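One structure below.
What follows is calculated from the coordinates using simple rules that are stated; it is not laboratory data. All values reported here derive from a predicted model rather than from experimental measurement. Virtual Cβ from ideal backbone geometry, glycine too; neighbours counted across all protein chains shown.
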Amino acid sequence: MEFTVSTDERLDVVDVTDRVAAAVPDDATGTVTVFVEHTTAGVVINEAESNLLDDVETFLSELVPDGGWEHDRLDDNADSHLRALLLGPGETVPVVDGAPALGRWQSILFVECDGPRDRTVRVV
């Protein structure tokens, strides 16, 4: 199963927990992998509190500054590739009785590093 995430900003964090949960069969038990098929976006698990989501964006911007990278000569988005490299393209989540078995404060977050864009997220 897959779904599309649309973002409005160059660096944007979107809670996709409900969309992942909807993709899990009702009788499933095991694991599900959430994977983004792009090199300038990532998937992570963390808290979806709005101030923290802003902090994630600030953290990534400060950790990997815009501009001055070799790859920028090709398409001016090296910072996006480097940020996504730190995040990784996916997460594996346990599933119990048809629902992601996340901790109380855990959410599945899609992190756009080169938006705004429409991205495909695969759930298998």
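Residues in region 18-58 that are closer than 22 Å to PRO116 by Cβ and in contact with a Pro (Cβ under 7 Å, 6 or more places away or on another chain): VAL20, PHE35, VAL36, GLY42, VAL43. PRO25 falls short on exactly one of the conditions (1) more than 16 Å from the chain's Cα centre (by Cα); (2) surrounded by 13 or more Cβ atoms within 10 Å (Cβ to Cβ), and that condition is (2). In region 22-38, the count of residues that are part of a helix (DSSP H, G or I), out of contact with any helix residue (DSSP H, G or I) (no Cβ under 7 Å at 6 or more places or on another chain) and within 14 Å of VAL123 (Cβ to Cβ) is one or more. Taking first residues from region 64-83 that are in contact (Cβ under 8 Å) with a residue 24 or more places away in the chain and partners that are loosely packed, with under 11 Cβ neighbours inside 10 Å, the Cβ contacts under 8 Å between residues at least 6 apart in sequence or on separate chains come to ASP79/PRO65; ASP79/GLY67. Among the numbered conditions (1) among the acidic types (Asp, Glu); (2) more than 16 Å from the chain's Cα centre (by Cα); (3) part of a helix (DSSP H, G or I), the only one that ASP66 does not meet is (3).
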